[in-house]
1. (1) outside any helix (DSSP H, G or I); (2) modelled with pLDDT of 95 or more: which one isn't true of residue 276, the others all being true?
2. I need the full set of residues from segment 10-49 which are of a type in the set (A, V, I, L, M) and either more than 22 Å from residue 170 (Cα to Cα) or not in a strand (DSSP E or B) (or both), in order please.
3. Residues that are surrounded by fewer than 24 Cβ atoms within 10 Å (Cβ to Cβ), at pLDDT below 95 and within 20 Å of the chain's Cα centre (by Cα): does segment 305-314 have at least one?
4. Among 196, 200, 229, which is the only one that is charged (D, E, K, R), modelled with pLDDT of 95 or more and in contact with a Ser or Thr (Cβ under 6 Å, 6 or more places away or on another chain)?
5. Taking interchain pairs and intrachain pairs at least six residues apart, which have beta carbon atoms under 6 angstrom, with the first residue in segment 246-262 and in contact (Cβ under 8 Å) with a residue 40 or more places away in the chain and assigned by TED's automatic domain parsing to the domain that holds residue 194 and the second part of a helix (DSSP H, G or I) and of a type in the set (A, V, I, L, M, F, W, C)?
6. Taking segment 45-76 as the region of interest, how many residues are crowded, with 24+ Cβ neighbours inside 10 Å and under 16 Å from the mean Cα position of the chain (by Cα)?
Amino acid sequence: MQNNEQFSIVYPKGFKAAGIHSKIKKKKKDLALIYSDAPCTASGTFTKNLVKAAPVIVSEENIKNQIRAIIINSGNANACTGEIGMANAWMMVEGTAKVLNISGDEVLVASTGVIGQQLPIDNIMAGIEDIVEELGSDKDNGIDAAEAIMTTDTFRKQFATEFTYEGKEIRIGAICKGSGMIHPNMATLLGFVTTDAAIDKELLDEIVVEGVNKSFNSITVDGDTSTNDMVIVLANGASGVNRIKDKDDDLYHIFKEKLIEILKKMAKSIVVDGEGATKFIEVRIKGAKNDDDAIKAGKAVATSSLVKTAAFGEDANWGRILAAVGYSGIEFNPYETNIYIGSSKGELLVCEMGMGLEFDEDFAKKILSEKEIYYLVEMEEGKGDAVIYTCDLSYDYVKINGSYRS
């Protein structure tokens with residue numbers, strides 16, 4: 001990981017962060033705080049699951065305002081916890097606002113972990129008192145915050161990038177978590193992005209929606225959509241570069257490209273860390289009737305347990321891929337469809353015009369033995385293209401999720 005990426009969420013000017021252990025978990029860090037010296041334009045996307053955790057409901061309300069801080073706990077989702085859970089989410093907001101001497105309207109809250117258990121709110125409130133003393137903008141602060149939001153993640157997910165505009169530098173930093181319950185319409189994830197760019201909220205909202213659709217809504221690990229998902233972007237303007245107010249502004253397009261680029265990196269890191277995953281898989285759809293059909297087909301392939309287990313077994317079972325496209329709900333002619341498998345070892349046609357053909361099984365095995373592989377489905381219906389990211393389904397996925405609460 002590059003040095004700037006370790007700074008991650010505190011890489012942009014004017015942001016501080018911290019991560020501590022507040023006794024939600026037995027030993028590991030479980031409480032994170034992100035803070036901006038100045039009020040931020042804020043934008044976010046939230047879970048499409050009708051069962052929404054209390055912190056999602058609270059943050060959906062507060063994100064209409066300018067934001068200064070985000071308080072995040074891991075180890076407990078505060079989901080399906082009724083009125084007590086809602087009260088606890090608001091307590092976290094108000095407690096954070098009090099120690100930072102800001103308004104509760106300027107605070108967002110996020111939680112991740114086990115569903116259906118009440119937060120150990122006394123521990124968390126004591127942790128909020130402590131964590132404010134740890135706020136800083138050093139590399140260790142970025143690392144601590146990234147660690148504090150992890151659950152079944154096997155590595156920290158930290159990102160940073162920058163670009164220069166008219167002689168001034170604009171920075172973007174990010175952290176995220178996610179490993180299981182990952183499926184389009186937001187995965188089971190928390191993602192937090194900071195930038196010292198200045199931008200109008202309407203424009204930031206549009207970029208975030210488009211960016212999330214091209215990143216987090218294009219990944220799947222296991223087909224489950226969580227109750228707690230959210231991706232938040234905060235822009236505090238501390239770079240000193242002129243505010244982005246117009247889509248015709250060159251800076252708008254540069255910033256948009258950089259922000260979506262980092263959202264894609266975040267999303268891919270979650271697939272790579274899919275629970276029990278041994279392979280990163282790109283499902284590429286070309287020649288569908290339109291992009292919507294391509295996305296539907298790609299998601300059907302990417303969520304198929306049979307396709308994912310075949311990938312784990314390094315088996316070129318193209319029939320499972322074609323069958324998934326067939327039940328995706330799109331209109332296409334299977335007898336005008338080709339399927340390829342590929343990796344850094346090469347590419348191989350395994351299905352031609354909807355039918356099997358003789359191919360080198362040893363070469364197919366060599367291709368699929370790589371850590372990163374792809375399936376390419378070519379149709380003759382139109383110009384619709386899509387790429388969906390997923391991982392394989394291994395024995396370890398069952399082991400991890402069979403004992404998650406323990």
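The values are calculated or read from the model by the stated rules, or taken from the named source; none is laboratory data. Predicted model, so just to flag it, every value in this text is computed and none were measured. Neighbour counts run over all protein chains shown; Cβ positions are idealised from the backbone, glycine included.
1. The number of the failed condition is (2).
2. First, the residues of segment 10-49 that are of a type in the set (A, V, I, L, M): 10, 17-18, 20, 24, 31-34, 38, 42.
Listed by number, the residues that qualify are 10, 18, 20, 24, 31, 32, 33.
3. Taking every residue of segment 305-314 in turn, none turns out to be surrounded by fewer than 24 Cβ atoms within 10 Å (Cβ to Cβ), at pLDDT below 95 and within 20 Å of the chain's Cα centre (by Cα).
4. Details: 200 fails: in contact with a Ser or Thr (Cβ under 6 Å, 6 or more places away or on another chain); 229 fails: modelled with pLDDT of 95 or more.
Exactly one residue qualifies, and that residue is 196.
5. From segment 246-262, the pairs are 256/207; 259/207.
6. So the answer is 3.
Per-residue answers, yes or no, for (1) at pLDDT 95 or above; (2) touching a helix residue (DSSP H, G or I) at 6+ places or on another chain (Cβ under 6 Å); (3) surrounded by 17 or more Cβ atoms within 10 Å (Cβ to Cβ):
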position: 99; (1), (2), (3): yes, yes, yes
position: 131; (1), (2), (3): yes, no, yes
position: 137; (1), (2), (3): yes, yes, yes
position: 147; (1), (2), (3): yes, no, yes
position: 177; (1), (2), (3): no, no, yes
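Residues checked against (1) touching a residue at least 60 places away in the same chain (Cβ under 8 Å); (2) closer than 24 Å to residue 42 by Cβ; (3) of a type in the set (A, V, I, L, M, F, W, C); (4) not in a loop (DSSP other than H, G, I, E, B):
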residue	(1), (2), (3), (4)
83	no, no, no, yes
90	no, yes, yes, yes
96	yes, yes, no, yes
112	yes, yes, no, yes
